[in-house]
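Visitor: Please find one structure pasted underneath; my questions will follow.
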């Protein structure tokens, strides 16, 4: 093999390796794009979870306040509402 053949073989080898590097860079870019897409989906789901957690906390606060309300007040409120409805019905008749 002459020196020219050796040089041509080296150039071919470098060209092949260069093509592999370019290919792997393209694959890496595709993978990075996919990771960014998945990350965006995860961030959206995380935000939705945070919103739901806030609603659950507010509901728990309201439930605790409701449970503190004496039953007598609730009963009086219902009774008053029933009497008002009865009065309105009698008034219309």
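Laboratory data are not the source of any read-out in this text; all were calculated from the coordinates shown. Just so you know, these numbers come straight off a predicted model, no measurement behind them. Positions of Cβ are generated from backbone atoms using ideal geometry, with glycine treated the same way; all protein chains shown enter the neighbour counts.
Visitor: Work out the FRET efficiency for residue 68 and residue 48 from their Cβ-Cβ distance, taking R0 = 35 Å, and round it to the nearest 0.05.
Guide: 0.70
Visitor: Just check the range 1-53 against the gyration tensor rule for me: Cα atoms, a ≥ b ≥ c as the square roots of the eigenvalues, rounded for a/c under 1.5, and otherwise prolate or oblate depending on whether a/b exceeds b/c.
Guide: prolate
Visitor: Now, a different point. Rounded to the nearest 0.05, what FRET efficiency is calculated for residue 30 and residue 8 with R0 set to 30 Å and r the Cβ-Cβ distance?
Guide: Given R0 = 30 Å and the Cβ-Cβ separation, E is 0.35.
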